[in-house]
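Please read the structure below before turning to the comments.
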Amino acid sequence: MNISRRHLLILLPAAAVAWKYVEAGTPEASPNYQMSEHWWGMLINIPKCIGCGNCVRACATENDVPDGNFRTWVERYHVTDTNLTTPEVISPDGGKEGFPVAQEDAGKYFFVPKMCNHCADSPCTQVCPVGATFISPDGVVLIDQTYCLGCGYCVQACPYGCRYLHPTKHVADKCTLCYHRITKGLTTACCEACPTGARQLADLKNPNDPIHEFLKTHPVQVLKPQMATGAKAYYYGLDGSVR
Amino acid sequence: MNGLKDAGHLFRFAGLFVVAFLVFLLVRGYVVPKTFGQYGHYRGAAIGEIAQHPVKFAGHQTCEGCHSDIADTKTKGAHAHVNCEACHGALFERLPAPAQPKGNLYERFVALIVPPAPPDAPLLLHADDPATVTPVKPDTLVLCARCHTASAAKPKGFPQVDPAVHMGGVPCETCHNPHSPAMGSDAAASPATGGAK
């Protein structure tokens, strides 16, 4: 093949543009992972939670969550006998180092781990003005932090308070359901670290996932169902006082 | 064609529109990322980028690959379903970040206006290099107390003790093997030894 100087001069810029895309590459998820085969959610078993804070610490370690911000946190509810509307709720440092010892009294206590509900119809993704946050084809609400402007609309829109503005990156940040782990066949860091199995990753598209049997045989609830967010964090044993 | 005799300015104007539209398409083609719109109104490649974040908690299956003796001890006891890293934590070290290439003139100009985020330090996991990244043995007085300190807030069936009364400063592993904590079981009161088989 003969290439004249003229042709070479025409080809070079085209090759330069092409090379830019070769260098950039296309990041691939795990080779054996098919997004279309999964629909992720979470099962949270409140009677099993002991408020140890393992999940909060594990999440912070795994995802470099800055101090004072939380992708997951644990709240302790104290409900007196007759008063469901104004429970006493504490979450010291997100429950990261556990909770103060509670004394027996007339009320009841329980722990509520909270995290992104990975809503199928999430308000947070709908308000993003630039398309930086979205629900992935496998049902995980994610943020493209290279695209996020840090306007904070999504932080306001989340009815569950699951988002925050990263103090040094100045972009929105939230639970990714450990997307870098679940696409490799691992469970999330919070589930891995939970000593009592109070949190279980659930693949709602996998017919063999024990979540289906659990949902069939147990009463479960999502947070703020009246918001019609399509929340996929299913709570077992959720008390009416939890908001 | 008399009707179009004085319409030259309209054609010039239409031409301007066409040129402006072509310029718009050209600029749009350059600034909109290639994978934007692949799955929806977002950059499709972001999913792959997020999936590439480094894993720190190796997962109990990884631990059990080498520490099968501990896994055997655990299956007999009350801590059978407590994963290794629930107590031992994620065992990894951060390596020094590699020097970033300076980039071309344009990239350096952009970096002046928008300073890029510092690159993530590469990680070395205990599972990848057990000789270099060595675990610290957890202090059972702190570790066990996190879950087992008695509190009215905890579920009633969960084993709880008042640390001051129960052991009075004696480390828990003196009597209990953390991997199989029941006293009197064959594994109890033996030191919680580790080490890969």
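The values are calculated or read from the model by the stated rules, or taken from the named source; none is laboratory data. Quantities reported herein were computed from a predicted structural model and do not represent experimental measurements. FYI the Cβ positions are ideal-geometry reconstructions off the backbone, even for glycines, and counts take in every protein chain you see. With ligands, DNA and RNA removed, areas are computed over all heavy atoms of the protein, side chains included. Shrake-Rupley method; radii C 1.70, N 1.55, O 1.52, S 1.80 Å.
Worth pointing out:
- Between 0 and 90°, nearest 10: helix A:5-24 axis offset from chain A longest Cα axis: 10
- With 10 Å² as the minimum drop in accessible area between chain alone and full protein complex (1.4 Å probe), the qualifying residues in the range A:69-99 are A:97.
- Relative counts (whole %) of C-alpha pair distances in chain B, using bins that are 10 Å wide: 7, 19, 20, 15, 12, 10, 6, 4, 4, 2, 1, 0
- 5 angstrom amide H check on residue A:172, placed H, neighbours 5+ away: A:150, A:166
- Translational diffusion coefficient (Stokes-Einstein; Kirkwood radius from C-alpha pairs) of chain A at 20 °C, 1.002 mPa s, in µm²/s: 107
- Reciprocal mean inverse distance between Cα atoms of the protein assembly as shown - Kirkwood radius, Å: 25.3
- Solvent-accessible area assigned to carbon and sulfur over chain A amounts to 56 percent, based on a 1.4 Å probe.
- Only alpha carbons enter this Debye calculation for the range B:60-125, each as an equal point scatterer, and the log10 of I(q)/I(0) it gives at q = 0.16, 0.18 Å⁻¹ is -0.68, -0.76.
- Area hidden from solvent between A and B (accessible, protein heavy atoms only, 1.4 Å, total, Å²): 3700
- Solution diffusion estimate, µm²/s, Stokes-Einstein, the range A:159-240, Kirkwood Rh from C-alpha pairs, 20 °C, viscosity 1.002 mPa s: 143
- Normalised contact order of chain A, rounded percent, pairs of Cα under 8 Å and 6 or more residues apart: 27
- For residue A:235, the residues 5 or more places off, or on other chains, whose built amide H falls under 5 Å of its own are A:44, A:221, A:222.
- In the context of the full set of protein chains, chain B has a per residue accessible area of 67 Å² (1.4 Å probe).
- The long axis of helix A:54-63 is offset from the longest Cα principal axis of chain A by roughly 10 degrees.
- 1.4 Å probe, heavy atoms, protein only - residues of the range B:110-153 losing at least 30 Å² accessible area vs chain alone: B:146, B:147, B:151, B:152, B:153
- Here chain A is scanned for GluC sites (Glu not before Pro) in DSSP loops (not H, G, I, E, B) that have at most 16 other Cβ atoms within 10 Å, and the longest stretch holding none of them is A:105-243.
- Cβ charges +1 (Lys, Arg) and -1 (Asp, Glu), total dipole of chain A, debye: 720
- Inter-label distance, residue B:129 to residue B:152: 5.2 nm, where each label sits 7 Å from its Cα along the C-beta direction.
- Across the range B:154-171, rounded Karplus estimates of 3J(HN,Hα) from the backbone phi angles (6.51 cos²θ - 1.76 cosθ + 1.60, θ = phi - 60°) give 7, x, 5, x, 7, x, 9, 9, 8, x, 5, 7, 5, 10, x, x, 7, x Hz, Gly and Pro being marked x.
- Contact order for chain B, expressed relative to its length and based on alpha carbon pairs under 8 Å spaced 6+ residues apart, stands at 20 percent.
- Restriction of the trypsin sites (Lys or Arg not before Pro) in the range B:1-96 to DSSP coil positions whose beta-carbon has at most 12 other beta-carbons within 10 angstrom yields B:5.
- Surface composition of the range B:59-109: carbon and sulfur atoms hold 60% of the protein heavy-atom accessible area at a 1.4 Å probe.
- Accessible area per residue in Å² at 1.4 Å probe, computed on chain A: 48
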